[in-house]
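One structure below.
The values are calculated or read from the model by the stated rules, or taken from the named source; none is laboratory data. For clarity, every value in this text was computed on a predicted model and none was experimentally measured. Note that we place each Cβ from the backbone using ideal geometry, even for glycine, and neighbour counts take in every protein chain shown.
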Amino acid sequence: MKATIALLPGDGIGPEVCAEARKLLVAVATRFGHQFEISEGLIGGCAIDACGDPLPAETLARCREADGVLLGAVGGPRWSDPNAKVRPEQGLLRLRAALGVYANLRPVVPHPEVARQSPIKSKLLRNVDVLFVRELTGGSYFGAKRREGDAAIDECRYTVGEIERVTRQAARLARQRRGKLTHVDKANVLETSRLWRATVSRILRDEFPEVTLEHVLVDAMAMYLLTRPASFDVILTENLFGDILTDESAVLAGSMGLLPSASLGEDGRGLYEPIHGSAPDIAGRGIANPYATLLSVAMLLRHSLKLEAEARAIERAVRQALDDGVWTADLRRRGAVCTRDAGDAVLARLTATAEAAAA
Ligand code: NAD
């Protein structure tokens with residue numbers, strides 16, 4: 001197939017991990033007979049430096065034309081003044097809004113060997129395979145913000161339509177998986193949560209009767225994620241709760257460097273990025289873990305290009321590299337490999353997998 005992919009490396013370790021993603025895309029195209037046109041654009045701090053805008057019009061146009069967008073990370077101490085008029089993360093928020101990507105998917109599947117590094121007991125991590133679906137373009141992050149006297153106000157607003165569309169995404173995914181949806185809210189206190197609960201219940205009852213639904217309060221969920229993570233399949237929640245719970249779930253995987261994400265809209269196009277930030281403490285040293293970005297490539301191929309076999313081949317190759325002990329410095333102190341070697345290890349295993357599939 002022919003596809004255009006916008007690649008936005010961004011700041012810090014973004015360019016380092018995206019270089020490995022580019023190599024992987026080229027390898028997938030060669031191995032599986034596709035034509036991927038990769039067009040690079042500026043976003044975040046580097047875009048502020050180049051033209052004063054964290055999301056230049058040219059970058060946005062490239063993303064709109066592309067079949068999928070892959071982003072590294074934005075931000076860093078150089079642009080972190082909270083009073084600055086333009087900030088790197090504004091570029092990312094504007095891009096999400098402009099592309100209309102309202103459903104943020106974050107799979108968490110701890111690798112058995114890496115899971116030993118987690119502060120959570122290994123036996124609790126057995127069979128953990130969770131998919132978070134976080135609403136991404138509503139709630140208090142996007143509501144009106146203002147000061148009144150000595151008070152500060154962040155409005156949290158959700159419409160029925162916003163809840164319905166993300167619920168359908170989550171329920172469809174639950175149906176393709178183990179058929180269970182856990183909806184997380186704070187319906188004992190918040191009016192928006194009561195609307196969420198009523199809407200999610202109606203959609204599931206009317207349109208997805210085969211999916212089992214449970215509602216869990218967010219404070220309890222913060223605990224259950226660490227005490228019984230294997231009991232969840234798809235977890236659906238609003239923007240702020242999702243932001244916090246998905247970062248908490250990174251503990252289950254053993255490192256931020258292993259977790260990919262996809263942000264999807266209505267038309268199948270999406271924005272794909274590792275969940276980690278620009279890691280300024282290790283940027284420029286070539287030691288960042290590229291696996292989260294490579295797994296984000298797999299999600300791009302699956303959700304935007306509908307290339308399921310290719311996506312699975314990448315996931316298998318990353319798993320095999322981890323099985324074989326190809327671990328970066330975030331996972332082990334001694335014998336750690338550099339970013340480039342980790343990327344090459346995945347390419348080598350992808351090659352082997354593709355050849356085995358063709359044989
Ligand atoms: P971070 O995710 O960048 O780093 C947290 C810790 O994890 C650091 O010790 C870092 O070295 C480590 N780490 C992260 N990714 C890693 C990888 N791939 N391999 C090895 N180690 C890795 O979070 P932070 O330090 O809170 O934020 C740094 C900057 O990134 C800030 O400017 C923040 O605003 C920005 N940020 C951007 C995004 C994004 O672009 N989506 C997300 C979060 C934070």
Scanning the stretch 268-283 for residues that are in contact (Cβ under 8 Å) with a residue 60 or more places away in the chain and farther than 22 Å from Glu248 by Cβ, the one farthest from the ligand (Cβ to nearest atom) turns out to be Arg269
Residue hits (the stretch 76-92; of a type outside the set (S, T, N, Q) and either touching a Pro at 6+ places or on another chain (Cβ under 6 Å) or modelled with pLDDT of 90 or more (or both)) are Gly76, Pro77, Arg78, Trp79, Val86, Arg87, Pro88, Glu89, Gly91, Leu92
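Whether any residue in the stretch 315-338 is of a type in the set (Ser, Thr, Tyr), crowded, with 24+ Cβ neighbours inside 10 Å and within 12 Å of the ligand (Cβ to nearest atom) is what I want to check.
Within the stretch 315-338, not a single residue is of a type in the set (Ser, Thr, Tyr), crowded, with 24+ Cβ neighbours inside 10 Å and within 12 Å of the ligand (Cβ to nearest atom).
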Take Leu258 and tell me if it is over 16 Å from Leu8 (Cα atoms) and outside the structural domain of Asp219 (by TED's automatic domain parsing).
yes
Checking the structure you have, find out if any residue of the stretch 146-160 is at pLDDT 95 or above, assigned by TED's automatic domain parsing to the domain that holds Leu217, of a type outside the set (Ser, Thr, Tyr) and assigned to a helix (DSSP H, G or I).
yes
Practice prompt. Assess whether Leu55 counts as being at pLDDT 95 or above, touching a Lys or Arg at 6+ places or on another chain (Cβ under 7 Å), within 16 Å of the ligand (Cβ to nearest atom) and within 19 Å of Gly270 (Cα to Cα).
Written response: yes
Inside the stretch 297-314, the number of residues satisfying the requirement of being hydroxyl-bearing (Ser, Thr, Tyr) and buried (at least 24 other Cβ atoms within 10 Å of the Cβ) is 0
Scanning the stretch 183-216 for residues that are touching a helix residue (DSSP H, G or I) at 6+ places or on another chain (Cβ under 8 Å) and among the polar types (S, T, N, Q) gives Thr192, Thr199
Scanning the stretch 226-260 for residues that are modelled with pLDDT under 95 and of a type outside the set (A, V, I, L, M, F, W, C), the one surrounded by the most Cβ atoms within 10 Å (Cβ to Cβ) turns out to be Gly257
Verdict on Ala220 being out of contact with any helix residue (DSSP H, G or I) (no Cβ under 8 Å at 6 or more places or on another chain) and under 19 Å from Pro107 (Cα atoms) | no
Tell me yes or no: at least one residue of the stretch 96-111 is within 17 Å of the chain's Cα centre (by Cα) and among the hydroxyl-bearing types (Ser, Thr, Tyr). yes
Of the residues in the stretch 65-93, those that are more than 13 Å from the ligand (Cβ to nearest atom), surrounded by fewer than 24 Cβ atoms within 10 Å (Cβ to Cβ) and within 18 Å of the chain's Cα centre (by Cα) number 1
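Can you tell me which residue among Arg340, Arg312 is farther than 19 Å from Ser255 by Cβ and either touching a residue at least 12 places away in the same chain (Cβ under 8 Å) or part of a helix (DSSP H, G or I) (or both)?
Being farther than 19 Å from Ser255 by Cβ and either touching a residue at least 12 places away in the same chain (Cβ under 8 Å) or part of a helix (DSSP H, G or I) (or both) holds for just one of Arg340, Arg312, which is Arg312.
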